[in-house]
Structures are given as C-alpha cells and as structure tokens.
Amino acid sequence: MTKQEKLILLNSMPVIEYEADGESLYYAHVDNTLENQEKIKAAGGTENQIGEFLCDNGAVIDITTLALTIFEAKWYAPGLGGFIDYIPETYE
C-alpha cells in the first residue's frame, strides 16, 4: 500500500474530537468500530496497537500515534482535508 493510499484510508475515518495547539496534535479520536479497526489493520496496524490506543472505555481510538507511524502522516490540518504527508509552510 502506498503512502497516498494509506492517507486516503486514514482520512476515511472521521475524526470526532481532537486537541491541537498549532504545533502539536495532542490527540485525535475516531470511533472504535470494526470498520475503523479493519482500516488500521489494512495499513499495517495490529490488534495490540489498536488496544493500546483505546480511550473512553473503548469507545474511541486515539489515532494520533498510528497516523504518524503506520499511516505515514506528518501533520493534521482539518482545513486541508485532515491528515497530510507534509508540514504546511506556515508551521515550519
């Protein structure tokens, strides 16, 4: 799977809540659904990784670390479509 395919897959999981300050993404939550788990696995994630990042009594997955590692994202910018593979010039 190419990096672009991984990013498309990643951004197909709606982020339901996130916290960032313009320099750091503290968390980005997606619903813990079978569909989202399968997308994480398709990109190379494991059951253990998914379990490690469960939050809110298992209701959500904190996708932040997985986005930056297995999905190869570099930045989260909702205004630019979600997770992207570059750091926008305004943040370099």
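The values are calculated or read from the model by the stated rules, or taken from the named source; none is laboratory data. Predicted, not measured: the structure shown is a model, and the values here were computed from it. Ideal geometry is used to build each Cβ from the backbone, glycine not excepted, and the neighbour counts take in all protein chains shown. Ligands, DNA and RNA are excluded from the accessible area calculation, which covers all protein heavy atoms including side chains. Shrake-Rupley method; radii C 1.70, N 1.55, O 1.52, S 1.80 Å.
Could you check the stretch 13-29 and list, in sequence order, the residues that are without any contact (Cβ under 8 Å) to a residue 12 or more places away in the chain and part of a strand (DSSP E or B)? It would help to see each step written out before you state the result.
Here is the first cut: in the stretch 13-29, the ones without any contact (Cβ under 8 Å) to a residue 12 or more places away in the chain are 19, 21, 24.
Of everything in the stretch 13-29, just one residue is without any contact (Cβ under 8 Å) to a residue 12 or more places away in the chain and part of a strand (DSSP E or B), namely Glu19.
Of everything listed in (1) aliphatic (A, V, I, L, M); (2) open to solvent by less than 60 Å² (accessible area, probe 1.4 Å); (3) modelled with pLDDT of 95 or more; (4) within 22 Å of Tyr86 (Cβ to Cβ), the single unmet condition for Val60 is (4). One residue stands out in the stretch 1-36 among those that are modelled with pLDDT of 95 or more and of a type in the set (Gly, Ala, Ser): the one that is nearest to Trp75 (Cα to Cα), namely Ala28. Scanning the stretch 48-92 for residues that are outside any helix (DSSP H, G or I) and either out of contact with any Lys or Arg (no Cβ under 7 Å at 6 or more places or on another chain) or of a type in the set (Lys, Arg) (or both) yields a count of 23. From the list Lys39, Lys74, the lone residue that is in contact with a Leu (Cβ under 6 Å, 6 or more places away or on another chain), of a type in the set (D, E, K, R) and free of Cβ contacts under 8 Å to residues at least 60 places away in the same chain is Lys39.
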